[in-house]
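Undergrad: Questions regarding the structure given below will be posed in turn.
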Amino acid sequence: MEETAEVKVAKPKIVDTHAHLGECCVFGGFTTEEDLIRRMEECGVDATIVQPYPGAKDFLKRHDEIAALCQKYPGRIFGLASLSPHIGRDRYRKEVERCVKELKFVGVKLHTIGHAVNPLSEDGNLVFETAHDLGIPAMVHTGAGIPFALPALCIPAAQKYPGLNIVLAHAGMGIVSAEAQVAASVCRNLYLETSWCLGEDIRWMISTIGPDRVMMGADLPSNVPVEFAKYRALDLKPETYDQVMGKTATEVFKLHWSN
Ligand SMILES: [Zn+2]
């Protein structure tokens, strides 16, 4: 008689790769812990990667608060450092190192518009170099905020640091999404986080760049259900949906699950 073994397949994780906590004196607005958790529960998000807004008045305090959330919700909240590289090389590197080594954050942000950073500048390079040295991905704001936010400005860093994964946040945000697609087609280590993109642009990126380099992000709590609606409307194959909704992020940010 044939033995039947019960094979348990773990449910694929859903990851929102782009969220913020606290205040933003650059763009306005404030996101609370309750805002984040409520939308995660409403939409079935398993884990969210949380960063300070570029307009955080005290990035040290925000990093600590995000670390406290990671402790409170293990495996559900992951931290990502965000601070201006204009504060000076030593201070910058010290804080990103603290975030990665002590607070266990999974990436660092280069905010082209919020921190006024040209990815081609010396301070822009400081972000890429620091991420490369610490073995974490760098997420770069693209879209609104041209010229610094042009996706192509990340190509030189992607080529200089082939071992560094660079996530193009907002993947060009609709207006320069074609450029984000071209940049990703040129560099294997460029990834596309698609918050605020058009649904059909997301479909095009998935079919041309590949689902293993596309990831869902929402940016704002009220946009979490909107991004879910966009992805669901694309009628993707289940394995493609699972990849872009969580697997890509899990691989790129090396997320570890406690369960
Ligand atoms: Zn954002």
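Undergrad: What Rg and what Dmax come out for the chain when only alpha-carbon atoms are used, in angstroms?
TA: Reported Rg and Dmax, both Å: 17.6, 71.
Undergrad: Starting from region 27-128, pick out the chymotrypsin sites (Phe, Trp or Tyr not before Pro) whose DSSP state is loop and whose Cβ has at most 16 other Cβ atoms within 10 Å.
TA: Answer in residue order: Phe27.
Undergrad: Add -39500 (n - 2.57) for each DSSP H run of 4 or more in the chain, then divide by its residues: what number comes out at 222 nm, to the nearest 500 deg cm²/dmol?
TA: It comes out at -10500 deg cm²/dmol, rounded to the nearest 500.
Undergrad: Provide the gained length on full extension for the span Asp90 to Asp58, in nm with one decimal, where the gain is 0.36 nm per separating residue minus the Cα-Cα distance.
TA: Between Asp90 and Asp58, full extension yields 9.8 nm more.
Undergrad: Have a look at Thr240, Val214, Ser195 and report the one farthest towards the positive end of the charge dipole of region 103-259, computed about the Cα centre with Cβ charges (Lys/Arg +1, Asp/Glu -1).
TA: Of the options given, the answer is Thr240.
Undergrad: Additional query: Give the residue list of trypsin sites (Lys or Arg not before Pro) in region 42-116 that are DSSP loop and have at most 16 other beta-carbon atoms within 10 angstrom.
TA: Counting only loop positions with at most 16 other Cβ atoms within 10 Å, the trypsin sites (Lys or Arg not before Pro) in region 42-116 are Lys57, Lys104.
Undergrad: About the Cα centre of region 197-240, how large is the charge dipole given +1 on each Lys and Arg Cβ and -1 on each Asp and Glu Cβ? Please answer in debye to the nearest 20.
TA: The calculated dipole for region 197-240 is roughly 60 debye.
Undergrad: As an exercise, identify the chymotrypsin sites (Phe, Trp or Tyr not before Pro) in region 192-259 lying in DSSP coil whose Cβ has no more than 16 other Cβ atoms within 10 Å.
TA: Trp257
Undergrad: Same structure, new question: Determine the dipole magnitude for the chain: charges of +1 sit on the beta-carbon of Lys and Arg, -1 on that of Asp and Glu, nothing else is charged, the reference point is the Cα centre, and the result goes in debye to the nearest 20.
TA: The calculation lands at about 440 debye.
Undergrad: Once amide H atoms are built 1.01 Å from N in the peptide plane, which residues 5 or more positions from Tyr191, or in another chain, come under 5 Å H to H?
TA: Residues meeting the criterion, in which the H sits 1.01 Å from N, are Ile166, Val167, Leu168.
Undergrad: Amide H to amide H under 5 Å from His18: which residues, 5+ apart in sequence or cross-chain, H placed 1.01 Å off N in plane?
TA: Sorted by chain and number, the residues that satisfy this are Ile49, Ala218, Asp219.
Only the coordinates and a few stated rules stand behind these numbers; no lab work does. Values in this document were obtained by computation on a predicted structure and should not be read as measured data. Ideal geometry is used to build each Cβ from the backbone, glycine not excepted, and the neighbour counts take in all protein chains shown.
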